[in-house]
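The structure appears below as structure tokens.
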Amino acid sequence: MKRPALVWCLTIAVVIVAAVMVLMTRCGQPISGRPSHEPEFGSWYVEVQRYNQGVHGGMDCSLCHTDIDPEEHPDSENLSESATDLFDYEACASCHPQEYEHYHLGVHAEVLSGTVQSEIDYPAPTCGHCHDPHYRQVLSRLQVIDAQVDICGQCHPSELETYLENYHGKTAVDLDYADSASCADCHGSHQVVALDQPEKAVQVCRKCHPDATENMVGYLIHAEETLSPDADASHARESVLLFLVQLFFVVLTVSVLAFFYGHTFLWLLRGLHEKLRRR
Amino acid sequence: MSETVTHYWRLNLFHRFIHVLVMVSFAGAALSGMALKFTTAAWARLAMQLMGGVPGAALLHRVCAMVIAFYGFLHFIYIVYDIARHKGSIFRGSSMLPRPQDIVDLWQHLMYFLGRRPRPQFDRFTYWEKFDYFAVFWGVLMIGLSGLVLWFPEIATQFLPGVAINIAQIMHSDEALLAVGFIFVVHMFNTHMRAEKFPVDMSIFTGKVSEDELKKEHALEWERMQEDPALMEEARVK
């Protein structure tokens, strides 16, 4: 046997394995540089050049700003408030009637009208909170997914976090797999729904999983493994169950590895000791 | 190799063939699986790209899963054959089954590491080899069954509640991390890296061990062979 070659091969193999393990410990640190899609909320300032490059570019201001008389500059008493909040989005309906109608059937509109109570501190979003009216570009599917992560995640951070831990989020967001499901694929974009009714949820699953059963709805996409029941009251029992399962496997993994790593380390020391003593 | 060194068969062709299947399928399943587990890490994204993106990695993972199911099935048949060949006695000294002596061996081996006593003598299969074997057994069952739930969630939820998919994800992912952390460190070290074996123990590929090695590593088996010349003759590499 050609020992030197083997020594080299094995040394390289060990270095590669060690490097992979070191890299693994660095997991969970997202790579920076992903483009941000945060809309410029609230600003009164419009960059005309960028406006003209966007999807609405070239349209006359007064088409949307119907309440503003072009002859007379409006007074500035509202400038301390958010332009995004103040705009009357009924203007959107003249070109986007279907989206406008669907929005009013969704849970965001219900929160605004007061028929549904929300636990979230922010006011429910309207058109301009998700769609930047002045600079919106035509986005690819992956860019739309990234935009949803940024925009939906601002008001729903724990749903975002659990989505990114789920295989749908991992593949769509981290691995740029466009066939995977994003926020709006399940919850709708204009007619936004909470999916707390199983019979509605199963219809959504069947968009990609045609054979989905009623039971499959019980799968938690936004799974929280926690002992605190108030994290997500509707799934408190499942959360505790998942926490206990997770705990069992973590204890098993850590104890087996700790024992055998120690066993192996002591063996290494003993082996070296004997080999050196024999010389 | 010198002509005068006598070698003995330790592993038959079936054992070695199964080990190659285990090795290759484990490497493929581990690489594609870990790349999905650690998607936020740069190396995982690179590995994913090299495997042809998400669809490519998924295909590799499932082909490896089928190889694992295949060798699991072959091994099951082999166990039945082995029991029949030894007329039901699977509790013999050379058996892979754990027995109380393994606990004693482990304790004595640890004491040997600490320099408190001489090296214990082992039979055909040592306690760490048995642990490796049953770790694969346990791993294939746990990861395989949870993997089936993840592969066919629509079928699985016909008789399981939906939260079973969440449990299967935890099981599959944590057990896989345990397997990777064990195989690439503990198993690799115990077979190749320790001072007596470094840099490589080829017996898993050749099936043979030298007389010296047999005497040192599996002294009890060597003694048994001494008492039974037929066994000795059968095992000797001609």
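The values are calculated or read from the model by the stated rules, or taken from the named source; none is laboratory data. Computed from a predicted structure; not experimentally measured. Quick reminder, even Gly has a Cβ in these numbers, built from the backbone with ideal geometry, and neighbours come from all protein chains shown.
Considering (1) over 28 Å from A:Asp196 (Cβ atoms); (2) of a type outside the set (Gly, Ala, Ser); (3) out of contact with any Pro (no Cβ under 9 Å at 6 or more places or on another chain), say which one A:Tyr103 fails and leave the rest.
(1)
Do we have B:Ala65 as within 11 Å of another protein chain (Cβ to nearest Cβ), over 17 Å from A:Val173 (Cβ atoms), surrounded by 15 or more Cβ atoms within 10 Å (Cβ to Cβ) and in contact (Cβ under 8 Å) with a residue 60 or more places away in the chain here? Outline the logic, then answer.
Details: within 11 Å of another protein chain (Cβ to nearest Cβ): no; over 17 Å from A:Val173 (Cβ atoms): yes; surrounded by 15 or more Cβ atoms within 10 Å (Cβ to Cβ): yes; in contact (Cβ under 8 Å) with a residue 60 or more places away in the chain: yes.
Here the answer is no, as B:Ala65 does not meet what is asked.
Which residues, counting only those in the range B:118-137, are free of Cβ contacts under 8 Å to residues at least 12 places away in the same chain and closer than 16 Å to B:Ala69 by Cβ?
B:Phe137
Please go through the range A:163-183 and give me each residue that is more than 8 Å from the chain's Cα centre (by Cα) and in a helix (DSSP H, G or I), ordered by number.
Correct list: A:Glu165, A:Tyr167, A:His168, A:Lys170, A:Thr171, A:Ala172, A:Asp174.
So which of B:Arg92, B:Arg124, B:Arg99 is loosely packed, with under 13 Cβ neighbours inside 10 Å and either out of contact with any Ser or Thr (no Cβ under 7 Å at 6 or more places or on another chain) or away from chain A (no Cβ under 14 Å) (or both)? Spell out how you get there, then give the answer.
Details: B:Arg124 fails: loosely packed, with under 13 Cβ neighbours inside 10 Å; B:Arg99 fails: loosely packed, with under 13 Cβ neighbours inside 10 Å.
Within the list B:Arg92, B:Arg124, B:Arg99, the selection yields B:Arg92.
Applying the selection to the range A:247-279, what residues are of a type in the set (Gly, Ala, Ser) and facing chain B (nearest Cβ under 7 Å)? So that I can check it myself, show each step before the final result.
Taking the range A:247-279 first, the residues of a type in the set (Gly, Ala, Ser) are A:255, A:258, A:262, A:271.
Within the range A:247-279, A:Gly271 is the sole residue that qualifies.
Which of the numbered conditions does B:Tyr71 fail, given that it passes all the others? Conditions: (1) out of contact with any Ser or Thr (no Cβ under 8 Å at 6 or more places or on another chain); (2) in a helix (DSSP H, G or I).
For B:Tyr71, the exception is condition (1).
Residues are listed down the side, and each one gets a yes or a no for (1) within 27 Å of A:Tyr122 (Cα to Cα); (2) at pLDDT below 80; (3) within 14 Å of chain B (Cβ to nearest Cβ); (4) part of a loop (DSSP other than H, G, I, E, B):
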site: A:Ala5; (1), (2), (3), (4): no, yes, yes, no
site: A:Trp8; (1), (2), (3), (4): no, yes, yes, no
site: A:Ile12; (1), (2), (3), (4): no, yes, yes, no
site: A:Val15; (1), (2), (3), (4): no, yes, yes, no
site: A:Val22; (1), (2), (3), (4): no, yes, yes, no
site: A:His56; (1), (2), (3), (4): no, no, no, yes
site: A:Asp69; (1), (2), (3), (4): no, yes, no, yes
site: A:Asp75; (1), (2), (3), (4): no, yes, no, yes
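Quick check on my filter: what residues within the range B:5-29 are in a helix (DSSP H, G or I), buried (at least 17 other Cβ atoms within 10 Å of the Cβ) and more than 13 Å from the chain's Cα centre (by Cα)?
Matches in the range B:5-29: B:Gly28, B:Ala29.
I'd like to know if the range A:41-52 contains one or more residues that are surrounded by 12 or more Cβ atoms within 10 Å (Cβ to Cβ) and modelled with pLDDT under 75. First the steps, then the outcome.
Let us first name the residues in the range A:41-52 that are surrounded by 12 or more Cβ atoms within 10 Å (Cβ to Cβ), namely A:41-44, A:46-47, A:50-52.
Narrowing further to those that are modelled with pLDDT under 75: A:41-42.
Among the residues of the range A:41-52, at least one is surrounded by 12 or more Cβ atoms within 10 Å (Cβ to Cβ) and modelled with pLDDT under 75, which makes the answer yes.
Being closer than 14 Å to A:Asp196 by Cα, among the acidic types (Asp, Glu) and at pLDDT 70 or above is the filter here; which residues of the range A:214-245 pass it?
A:Glu214
Would you please name the residue that is farthest from B:Met23 (Cα to Cα), looking only at residues in the range B:138-179 that are facing another protein chain (nearest Cβ under 9 Å) and touching a residue at least 60 places away in the same chain (Cβ under 8 Å)?
Step by step, filter the range B:138-179, then rank; the result is B:Ser173.
Out of the residues in the range B:102-121 that are away from chain A (no Cβ under 12 Å) and in a loop (DSSP other than H, G, I, E, B), which is surrounded by the fewest Cβ atoms within 10 Å (Cβ to Cβ)?
My answer is B:Gln121.
Please work out which residue is nearest to the other protein chains (Cβ to nearest Cβ), limiting yourself to the range B:180-206 and to residues that are surrounded by fewer than 18 Cβ atoms within 10 Å (Cβ to Cβ) and either part of a helix (DSSP H, G or I) or modelled with pLDDT of 90 or more (or both).
B:Met188
Suppose we filter A:Asp132, A:Asp174 for residues that are of a type in the set (Asp, Glu), closer than 22 Å to B:Ser173 by Cβ and buried (at least 16 other Cβ atoms within 10 Å of the Cβ); which single one remains?
Values: A:Asp132 fails: closer than 22 Å to B:Ser173 by Cβ.
Only one candidate passes the filter, namely A:Asp174.
Given the condition within 26 Å of B:Arg45 (Cα to Cα), at the interface with chain B (Cβ under 9 Å from one of its Cβ atoms) and in contact with a helix residue (DSSP H, G or I) (Cβ under 9 Å, 6 or more places away or on another chain), answer yes or no: does some residue in the range A:186-203 qualify?
Within the range A:186-203, not a single residue is within 26 Å of B:Arg45 (Cα to Cα), at the interface with chain B (Cβ under 9 Å from one of its Cβ atoms) and in contact with a helix residue (DSSP H, G or I) (Cβ under 9 Å, 6 or more places away or on another chain).
Check whether at least one residue in the range A:140-158 is crowded, with 20+ Cβ neighbours inside 10 Å, hydroxyl-bearing (Ser, Thr, Tyr) and either under 13 Å from the mean Cα position of the chain (by Cα) or not in a helix (DSSP H, G or I) (or both), and report yes or no.
The answer is no, given that none of the residues of the range A:140-158 is crowded, with 20+ Cβ neighbours inside 10 Å, hydroxyl-bearing (Ser, Thr, Tyr) and either under 13 Å from the mean Cα position of the chain (by Cα) or not in a helix (DSSP H, G or I) (or both).
So, B:Gln169, is that one modelled with pLDDT under 95, surrounded by 14 or more Cβ atoms within 10 Å (Cβ to Cβ) and assigned to a helix (DSSP H, G or I) or not?
Working: modelled with pLDDT under 95: no; surrounded by 14 or more Cβ atoms within 10 Å (Cβ to Cβ): yes; assigned to a helix (DSSP H, G or I): yes.
So B:Gln169 fails the test.
Can you tell me how many residues in the range B:214-224 are touching a Ser or Thr at 6+ places or on another chain (Cβ under 8 Å) and within 14 Å of another protein chain (Cβ to nearest Cβ)?
Counting residues in the range B:214-224 that are touching a Ser or Thr at 6+ places or on another chain (Cβ under 8 Å) and within 14 Å of another protein chain (Cβ to nearest Cβ) gives 1.
Given the conditions (1) more than 19 Å from the chain's Cα centre (by Cα); (2) surrounded by 14 or more Cβ atoms within 10 Å (Cβ to Cβ), and given that B:Gly52 satisfies all but one, which numbered condition is not satisfied?
(2)
Criterion first (under 24 Å from the mean Cα position of the chain (by Cα), within 24 Å of B:Ser146 (Cα to Cα), in a helix (DSSP H, G or I) and away from chain A (no Cβ under 14 Å)) does B:Val80 satisfy it? Give the steps one after another, and end with the answer.
Details: under 24 Å from the mean Cα position of the chain (by Cα): yes; within 24 Å of B:Ser146 (Cα to Cα): no; in a helix (DSSP H, G or I): yes; away from chain A (no Cβ under 14 Å): yes.
In short, no.
Can you tell me how many residues within the range B:14-54 are facing another protein chain (nearest Cβ under 7 Å) and within 30 Å of B:Phe76 (Cβ to Cβ)?
Adding up the residues that qualify gives 1.
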